[in-house]
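Just below is one structure, and these are the notes that go with it.
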Ligand code: CUA
């Protein structure tokens with residue numbers, strides 16, 4: 001009995017700490033702006049708790065202490081210093097402190113890498129502008145960034161209001177149709193972080209996530225060069241068949257695969273879909289099995305998404321189609 005109580009107590013103490021670290025935690029800042037917001041939050045929270053505790057103690061003292069001992073609480077001095085001077089000084093100091101900490105947080109830094117993110121029901125379109133001889137390209141549901149370089153994200157939405165939030169990088173910004181909002185962050189250490197939609201946008205709002213992958217600058221440049229290239233033609237017969245199914249099935253009217261006749265702009269660009277970590281906006285690891293399952297069952301897995309289920313494909317066709325997509329790296 002005692003050991004189970006102990007275990008429960010240990011769990012109770014450890015659980016909040018688990019919540020503080022990890023790939024989706026505002027309490028584990030991974031960038032400069034996020035650290036500033038973190039310390040501002042901590043200062044405000046701890047300060048608020050201390051003031052709350054002192055006021056509560058004084059209140060209890062005023063209620064329960066013997067009259068002669070609590071008399072000083074009603075004195076003129078206490079009221080002037082505790083009731084007027086203290087709040088005026090504290091609040092006057094906190095306001096400039098907050099303004100100074102958050103200054104310039106909405107101004108893009110010099111040399112920042114611009115990235116556009118568009119929220120759609122229920123996925124993220126991510127655009128990288130042209131750079132040198134590399135063409136502009138679109139990807140989906142993952143944002144790859146170089147470590148150490150400021151990122152200037154501009155966000156909007158294609159249908160309803162979404163909200164763009166990467167807890168580890170601080171800040172959160174609404175994505176509003178017809179309007180462009182901006183958010184800046186810098187990843188200070190390589191890693192994979194998770195972003196989510198933070199505004200209810202429909203049935204599948206909870207299944208609208210994305211990855212932010214921070215790479216060393218050289219690895220990022222390699223990735224960007226690869227992504228700017230058109231898709232390679234499959235050489236294996238099975239994959240060539242997949243490509244033919246993709247064409248004949250009309251997939252190209254919604255999806256683009258650069259380098260082929262598929263140029264639909266409605267759904268995610270699939271030119272390098274095989275290189276992405278997940279599919280379905282952060283729902284499954286990306287492999288032939290999950291791709292095949294997704295194509296056949298979209299409306300079962302994520303009811304309400306714009307892509308219909310292609311349940312009539314035979315197992316062999318599905319394998320070929322999923323294999324072709326997986327080969328687009
Ligand atoms: Cu998009 Cu919630």
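The values are calculated or read from the model by the stated rules, or taken from the named source; none is laboratory data. Computed from a predicted structure; not experimentally measured. Counting neighbours? That spans all protein chains shown, and the Cβs are built from the backbone with ideal geometry, glycine included.
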Complete set of residues in region 185-203 that are within 18 Å of residue 151 (Cβ to Cβ) and near the ligand (Cβ under 10 Å from one of its atoms):
196
Is at least one residue of region 232-255 assigned to a strand (DSSP E or B), more than 16 Å from the ligand (Cβ to nearest atom) and within 19 Å of residue 158 (Cα to Cα)?
no
Out of (1) touching a helix residue (DSSP H, G or I) at 6+ places or on another chain (Cβ under 9 Å); (2) more than 12 Å from the ligand (Cβ to nearest atom), the one residue 122 does not meet is (2)
Number of the exception - residue 215 against (1) modelled with pLDDT of 95 or more; (2) within 16 Å of the ligand (Cβ to nearest atom)
(2)
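So that you can scan it fast, the table gives a plain yes or no per residue for (1) out of contact with any strand residue (DSSP E or B) (no Cβ under 8 Å at 6 or more places or on another chain); (2) assigned to a loop (DSSP other than H, G, I, E, B); (3) closer than 19 Å to residue 209 by Cβ:
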{"position": "281", "(1), (2), (3)": "no, yes, yes"}
{"position": "295", "(1), (2), (3)": "yes, no, no"}
{"position": "304", "(1), (2), (3)": "yes, yes, yes"}
{"position": "312", "(1), (2), (3)": "yes, yes, no"}
{"position": "316", "(1), (2), (3)": "yes, no, no"}
{"position": "319", "(1), (2), (3)": "yes, no, no"}
{"position": "329", "(1), (2), (3)": "yes, yes, no"}
For region 185-206, enumerate the residues that are assigned to a strand (DSSP E or B) and under 13 Å from the mean Cα position of the chain (by Cα).
185, 192, 193, 194, 195, 196, 197
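Listed here are the residues, each with its yes/no results for (1) closer than 25 Å to residue 296 by Cβ; (2) touching a residue at least 12 places away in the same chain (Cβ under 8 Å); (3) within 27 Å of the chain's Cα centre (by Cα).
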| site | (1), (2), (3) |
| --- | --- |
| 215 | no, yes, yes |
| 218 | no, no, yes |
| 228 | no, yes, yes |
| 232 | no, yes, no |
| 242 | yes, yes, no |
| 260 | yes, yes, no |
| 272 | yes, yes, yes |
| 275 | yes, yes, yes |
